[in-house]
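Where a number appears in this text, it was derived from the coordinates with a stated rule and is not lab data. This one's a predicted model, so the numbers in the text were calculated from it and none came from an experiment. Note that each Cβ is placed from the backbone with ideal geometry, even for glycine, and that neighbours are counted across all protein chains shown.
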Amino acid sequence: MEREEIRLGRAGVVEATDPDVDEELWTGDDESDHAGWYCVRTDPFPCPAPGCSFVAEFMTAAHLVLVWEERDDPNLLRHAQRAKEVGRNPRVVTYEQTYGPSASYYAWEAAGRPVHGIRDK
């Protein structure tokens, strides 16, 4: 079976080669510049969504790099610990825009912790 090609398009949207698939990801908060905030870099791991070929190198939500304003934020440290427990080799690093689109951890929580969302047709 041929694997459907899915690629990251504009910020926060997955575009599929199958015209019948129209999946949009949560786009985060106001797309603020989070440069200088902190994120958790990990060994690469695949998106768990069926048919999605996205591979993350950071703790993500809907393919957006989760960021925290403080390096010692308890939620950042808790997520890094969970990544360590499952063997993902986490490292807290300063977020840079070159890592990809980002979302504040707290905006993600306030939005109900979305992962993927299907757009109505």
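Annotations
- Principal axis analysis of the Cα atoms in region 31-78 yields extents of 34, 24, 14 Å, listed in decreasing size.
- Counting charges near Thr42 (Lys, Arg +1; Asp, Glu -1) among other residues having Cβ under 14 Å from its Cβ returns a value of +2.
- P(r) histogram, all alpha-carbon pairs of region 50-117 included - 5 Å bins from 0, percent: 3, 15, 27, 27, 21, 6, 1, 0
- By other beta-carbon atoms within 10 Å, ranking Leu77, Leu64 with the fewest at the front produces Leu77, Leu64.
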